[in-house]
1. Exceeding 27 Å between C-alpha atoms, which entries from my cross-link table qualify? They are Lys119/Lys198; Lys61/Lys170; Lys88/Lys198; Lys88/Lys119; Lys88/Lys190; Lys61/Lys176.
2. Between Ser175 and Val99, what is 0.36 nm times their sequence separation minus the Cα-Cα distance? Round to one decimal in nm.
3. Solvent-accessible area of Leu186, probe 1.4 Å, all protein chains present, reported in Å² to the nearest ten, please.
4. Identify the residues of the range 100-123 with backbone N under 13 Å of a label point that sits 7 angstrom from the Cα of Glu85 along the Cα-to-Cβ direction, or state none.
5. Amide H of Leu91 versus every other amide H placed in the peptide plane: which residues, excluding those fewer than 5 positions away on the same chain, fall under 5 Å?
6. Rank Leu69, Leu84, Asn110 by how far each Cα sits towards the positive end of the charge dipole of the range 54-151 (+1 on Lys, Arg Cβ; -1 on Asp, Glu Cβ) and give me just the farthest.
7. Going through the range 161-201, which GluC sites (Glu not before Pro) have at most 12 other Cβ atoms within 10 Å and a DSSP loop state?
8. Could you let me know the centre-to-centre spacing of the range 168-201 and the range 82-145, using Cα atoms, in angstrom?
Amino acid sequence: MGNDQEKLVENSRRNWLIATSVVGGVATLIPFVGYLQPSEHAKASGAPVEVDISRLRSGEKMTVNWRGLPVWIVWRTSDDMDSLEKVKPELVDPESKEVFSYPMPEFCNNAYRARIERKDLLVVIGICTHLGCIPLGPYVANSLAALGTYPGFLCPCHGSTYDMSGRVFKNNLASKNLDIPRFMFLSETKIVIGQDEKGES
Ligand code: FES
């Protein structure tokens, strides 16, 4: 990573810690599978992290620590998937042309921002692109005034909202979509974050 990117990641990491302490008592509406802890060695080296997703169910999110950043793995429901096309007019950058800190992997350059063989599985860095807080959610449609009839995520710090692909809605302080890290499947129930067929992030 270059100096600017390193600074950005470091800021995101610091803000994540702040956000964690601020919003620790806030409940989300969706079951939260929990954190998987990579080995000390993996954490120290920033190495790719292997994740077992066999316990993840439709509608759930799990969070993995990769390079000090929270990476979400979200199994989107059929309602979530249906919303991805409908929500486009409400988004700043529906095709994810703008890069935040990590360029979107080519294999996610499709209508789902996901690997096409598991298009319902969203893998995204859960750091708000405004000032680096951790958004909450996913919230189902019509459960949150800020999201209206769409499902998605809400940043608790200044209210920015994201759709079920991590794309930011218009009229928010955040103006870029959530980053997608490189990742790939090792099997149907195991993925690796921070690496794909072309190498490491
Ligand atoms: S940090 Fe998320 S809206 Fe400001």
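The values are calculated or read from the model by the stated rules, or taken from the named source; none is laboratory data. Everything numeric in this text was worked out from a predicted model, so none of it was measured. Ideal geometry is used to build each Cβ from the backbone, glycine not excepted, and the neighbour counts take in all protein chains shown. Areas reflect the complete protein model, heavy atoms only, side chains present, ligands, DNA and RNA absent. Shrake-Rupley method; radii C 1.70, N 1.55, O 1.52, S 1.80 Å.
1. Numbers: Lys119/Lys198 20 Å; Lys61/Lys170 24 Å; Lys88/Lys198 30 Å; Lys88/Lys119 17 Å; Lys88/Lys190 31 Å; Lys61/Lys176 21 Å.
Table pairs above 27 Å Cα-Cα are Lys88/Lys198; Lys88/Lys190.
2. Details: separation 76, 0.36 × 76 = 27.36 nm, distance 1.07 nm.
The Ser175-Val99 span can extend by a further 26.3 nm.
3. Accessible surface of Leu186 is approximately 90 Å².
4. 111-112
5. Lys170
6. Of the options given, the answer is Leu69.
7. Details: sites: Glu188, Glu197, Glu200; in loops: Glu188, Glu197.
Filter output for the range 161-201: Glu188, Glu197.
8. Centre-to-centre (Cα) distance: 10 Å.
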